[in-house]
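Below is one structure, written out as structure tokens; the observations come after it.
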Amino acid sequence: MAETSSTQNPDQPSYECADYEAQEDAWELIDDLLAGTARMQDMAARRRYLPMGEGEPAKIYALRVLFSELYNGLDTTHKGLTGLVFRDPPKLADDVDPAVQADWEDIDLEGTHGDVFARDLAEDLLAFGHAGVLVDVAPNNGELSK
């Protein structure tokens, strides 16, 4: 029996379903647009967004790339929408459990405050149409905790 790689096994976090693969080009475009002019002029991206014309001399092409600029209305809109959603940072209720409050102060165990984490998540949601959080916890033999 042949082994399946983790990218083909739906039980693995690295699995990419057909819908995911179908969206990759669109996500790459959004990512590149949000990165702005510098990304468009980047060596890897310039052939995709600023292709060399047939018979165009290399020096002329290099100048055209150098002077090309992206009007980044998408980034402006993205930042504006995120700002509208988070004009007031999310707050926990006054009666929240102290353990939850402690988690909120360092939600990813890397020093990220909960409102910063929520904003980053919303930025991904607004840019790419969805977002997710992978929560990695130790097995507990199926018992519920209080």
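The values are calculated or read from the model by the stated rules, or taken from the named source; none is laboratory data. This is a predicted model, so every value here is computed, not measured. Counting neighbours? That spans all protein chains shown, and the Cβs are built from the backbone with ideal geometry, glycine included. Please note that ligands, DNA and RNA were not included when accessible areas were found on the heavy atoms of the full protein model with its side chains. Shrake-Rupley method; radii C 1.70, N 1.55, O 1.52, S 1.80 Å.
Of note:
- Three-way shape label, segment 18-61, alpha-carbon gyration tensor, a/c 1.5: oblate
- Positive-end extreme of charge dipole, the chain - chosen from 139, 37, 8 (charges on Cβ): 37
- Measuring max minus min along each principal axis, the C-alpha atoms of segment 1-103 give extents of 69, 55, 21 Å (largest first).
- Of the GluC sites (Glu not before Pro) in segment 52-146, those whose Cβ has at most 14 other Cβ within 10 Å and which sit in DSSP loop: 54, 69, 110, 143
- Accessible surface, the chain, averaged per residue in Å² (probe 1.4 Å): 79 Å²
- Crossing angle, helix 18-35 versus the chain [Cα axis fit, 0-90 degrees, rounded to tens]: 70 degrees
- Rounded to the nearest 20, the Cβ-based charge dipole of the chain about its Cα centre (Lys and Arg +1, Asp and Glu -1) stands at 940 debye.
- The chain, relative contact order in percent, only Cα pairs under 8 angstrom and at least six apart counted: 15 percent
- Fraction of accessible area attributable to carbon and sulfur, the chain (%, probe 1.4 Å): 55 percent
- Evaluating kT/(6 pi eta Rh) at 25 °C and 0.890 mPa s, with the Kirkwood radius of segment 106-146 over Cα pairs in the Stokes-Einstein relation, gives 200 µm² s⁻¹.
- Of the chymotrypsin sites (Phe, Trp or Tyr not before Pro) found in segment 44-146, those in coil by DSSP whose Cβ has at most 12 other Cβ atoms within 10 Å are 71.
- Area accessible to solvent at residue 135, 1.4 Å probe radius, in Å²: 110 Å²
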